[in-house]
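The structure appears below as structure tokens.
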Amino acid sequence: MTMVADDIQTLEARHVLQTYRRQPVTFVRGKGVYLYDTQGREYIDLLSGIGVTALGHAHEGLTRAITEQAQTLLHTSNLFYHPLQGQLAARLSSLSGLERAFFCNSGTEAIEACLKFVRRYWHTLGETRTEIIALEESFHGRTIGSLSVTSDEHYRAPFEPLLGGVRWIEATPAAIRDAVTKNTAAVILEPIQGEGGIRPLTPAFAAAVNEACERTGALLIADEIQSGCGRTGYPFYSAAIGLEPDLMALGKALGAGVPVGAALISGEVAARIVAGDHGTTYGGNLLACRAALCFIDELVGGGLLSHVGRMGQHLEQRLREIASRHPMIREVRGAGLMRGLELDRDAAAVVPAGLRHGVVVNRTAENVVRLLPPYVITEAELDEGLARLERALTDVSGK
Ligand SMILES: Cc1ncc(COP(=O)(O)O)c(C=O)c1O
């Protein structure tokens with residue numbers, strides 16, 4: 001049955017819980033960095049479904065892998081072994097330096113797992129440390145634990161009381177030095193704050209975090225859900241700025257479109273966790289692991305990581321040129337293929353203007369245009385996407 005966009009939107013308006021404010025566009029197909037709507041209009045995707053479809057749309061290798069897996073075996077639960085979970089855990093361990101992985105299905109679940117593992121660690125050691133230090137402008141997800149460490153009052157207020165004992169600080173060496181004490185169970189941070197407006201943490205701050213955790217024994221959770229898995233041209237941005245996390249949360253690009261999340265855990269923390277402490281029905285099933293293994297093969301073996309590094313530099317250079325022509329752009333921020341343009345006004349109007357010109361971007365932190373293009377994007381595709389974005393910016397600036 002083919003449905004036209006109006007039918008689709010009417011049906012949703014009637015039956016889908018209205019928690020999202022969608023743009024009035026219905027995508028039905030994609031190929032590489034291109035998306036197509038119900039009218040067959042083409043768009044360049046500079047957002048990747050918020051940092052997810054790293055291999056672009058309808059990637060041949062990924063399609064082959066998940067088709068073959070569907071024809072073989074999709075799911076058996078965590079009551080049994082299957083051949084892929086250990087392989088994926090080993091790949092992630094060699095990329096991150098963290099010994100073990102726990103698999104789940106989304107970013108927020110990865111954060112929940114990290115928070116539980118922190119609690120379990122201190123419980124096993126017989127200490128009642130429960131205080132968590134988080135950062136202002138942080139976003140870690142929408143379930144109760146991850147919402148509890150997210151700073152935005154607007155997201156939090158309707159759901160209080162949340163977990164207690166969370167404190168938010170500015171991302172400065174002095175603030176972290178003062179905040180972390182022997183009562184601190186963990187520090188949680190995004191190496192590049194995503195929803196907060198594409199704000200990379202500095203190496204000086206990272207050094208102060210390491211030092212504070214070392215001094216007090218507090219654990220460090222790096223939320224690499226948006227900044228990790230090659231998005232910045234590094235496997236994980238933590239390593240680029242020198243952070244030494246004990247736990248890492250992954251999601252988004254890891255399954256390249258198939259929902260996969262993971263918590264990576266140091267040997268020392270993992271040694272305090274025993275059978276029955278945590279679990280999930282779907283986590284790390286064959287389909288999810290197959291997709292993630294295919295993604296990692298492309299990223300590491302297929303040379304995609306160095307491609308992201310090169311495209312990231314090209315993107316930054318082009319964005320700086322655009323900024324020099326548009327005074328409403330106050331700052332260009334980010335790393336690799338994770339970039340933000342801070343405007344001197346609300347960036348909401350850029351999104352529909354982009355769609356009119358055939359490019360998909362998004363707005364975050366009110367005044368930031370966010371770009372998270374697929375890793376496979378070429379220089380020519382980036383240039384075309386940015387030319388369309390520049391037309392949208394011109395419309396919005398009223399020139
Ligand atoms: C840094 C960060 N943490 C956590 C999340 C939550 O992930 P999910 O939406 O998959 O639950 C997101 C999603 O935007 C994120 O960017």
>> When a/c reaches 1.5 or more, the comparison of a/b and b/c decides; with that in mind, is region 34-176 rounded, prolate or oblate per its Cα gyration tensor?
In response: oblate
>> Could you derive backbone 3J(HN,Hα) for region 51-56 from the dihedral phi with the Karplus parameters 6.51, -1.76 and 1.60 (θ = phi - 60°), listing whole Hz in sequence and x where the residue is Gly or Pro?
In response: x, 9, 7, 4, 8, x
> Rounded, prolate or oblate: which one fits region 182-303, using the alpha carbon gyration tensor with axes a ≥ b ≥ c (rounded when a/c is under 1.5, else prolate when a/b beats b/c, else oblate)?
Replying inline: oblate
> Taking a probe of 1.4 Å, how large is the accessible area per residue of region 336-375, in Å²?
Replying inline: 25
>> I need the calculated FRET efficiency for the pair E268 and V300, taking r as the beta carbon distance and R₀ as 25 Å, to the nearest 0.05.
In response: 0.45
> How far is helix 286-296 tilted off the main Cα axis of the chain, in degrees rounded to 10, range 0 to 90?
Replying inline: 70
>> If I ignore ligands, DNA and RNA and count only protein heavy atoms, how much of F102 is accessible to a 1.4 Å probe, in Å² to the nearest 10?
In response: 40
> For the chain, which whole percent of the accessible surface, found with a 1.4 angstrom probe, sits on carbon and sulfur atoms?
Replying inline: 52
>> At 1.4 Å probe size, put L62, L125 in order of accessible surface, largest to smallest.
In response: L125, L62
> Roughly how much of S306 is accessible, in Å² to the nearest 10, using a 1.4 Å probe?
Replying inline: 70
> Can you list residues whose amide H is under 5 Å from H57's amide H, if they're 5+ apart or on another chain and H is modeled 1.01 Å from N?
Replying inline: K31, G32, V33, Y34
> Using Cα atoms only, what is the angle between the long axis of helix 60-72 and the major principal axis of the chain, expressed in degrees (0 to 90) to the nearest 10?
Replying inline: 60
> Counting only residues 5 or more places away or on other chains, whose amide H sits under 5 Å from the amide H of I169 once H atoms are built in the peptide plane?
Replying inline: A134, L135, E136
> How much FRET efficiency would the formula 1/(1 + (r/R0)^6) give for A275 and D178, where r is the Cβ-Cβ distance and R0 is 41 Å, rounded to 0.05?
Replying inline: 0.55
> In terms of the Cα gyration tensor, with a ≥ b ≥ c the square roots of its eigenvalues, is region 221-271 rounded because a/c is under 1.5, prolate because a/b exceeds b/c, or oblate?
Replying inline: oblate
>> Please give me the summed charge of the neighbours of A239: other residues whose Cβ is under 15 Å from its Cβ, Lys and Arg +1, Asp and Glu -1.
In response: -4
>> For a quick check of your reading of the filter: which trypsin sites (Lys or Arg not before Pro) in region 1-60 sit in a DSSP loop and have no more than 11 other Cβ atoms within 10 Å?
In response: R21, R22
> Can you list the trypsin sites (Lys or Arg not before Pro) in region 206-312 that are in a DSSP coil and have 13 or fewer other beta carbons within 10 angstrom?
Replying inline: none
>> So for region 1-67, averaging the separation of alpha carbon pairs under 8 Å that are six or more residues apart and normalising by length, what relative contact order in percent results?
In response: 23
> L92 accessible area, nearest 10 Å², 1.4 Å probe?
Replying inline: 0
> Tell me, what is the per residue accessible area of region 84-144 in Å², probe radius 1.4 Å?
Replying inline: 46
> Charges only on Cβ, +1 for Lys and Arg, -1 for Asp and Glu: so what's the dipole of the chain about the Cα centre, in debye to the nearest 20?
Replying inline: 240
> Applying the Karplus parametrisation 6.51 cos²θ - 1.76 cosθ + 1.60 with θ = phi - 60° to the phi angles of region 274-281, what ³J(HN,Hα) value in whole Hz is obtained for each residue in order, glycine and proline being reported as x?
Replying inline: 10, 3, x, 5, 7, x, 7, 5
>> Check which residues have an amide H placed less than 5 Å from Q193's amide H, if you skip close sequence neighbours.
In response: R199, L201
> What spacing in nm lies between the two simple spin-label points modelled at Q39 and S93, each 7 Å away from Cα in the Cβ direction?
Replying inline: 5.3
>> Tell me the net charge near E211. Cut-off is 14 Å between Cβ atoms, E211 excluded, with +1 for each Lys or Arg and -1 for each Asp or Glu.
In response: -1
> Using Cα pairs under 8 angstrom and six or more residues apart, how large is the relative contact order of region 153-311, in percent?
Replying inline: 18
> When the Karplus curve 6.51 cos²θ - 1.76 cosθ + 1.60 is applied with θ = phi - 60°, which whole-Hz ³J(HN,Hα) does each residue of region 194-200 get, with x for Gly and Pro?
Replying inline: x, 4, x, x, 6, 10, x
> Ranked highest first by average number of other Cβ atoms within 10 Å, how do 219-229, 337-347 line up?
Replying inline: 219-229, 337-347
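The values are calculated or read from the model by the stated rules, or taken from the named source; none is laboratory data. Computed from a predicted structure; not experimentally measured. All Cβ positions, glycine included, derive from the backbone under ideal geometry; neighbour counts span all protein chains shown. Just the protein is used for accessible areas: all its heavy atoms, side chains included, with ligands, DNA and RNA removed. Shrake-Rupley method; radii C 1.70, N 1.55, O 1.52, S 1.80 Å.
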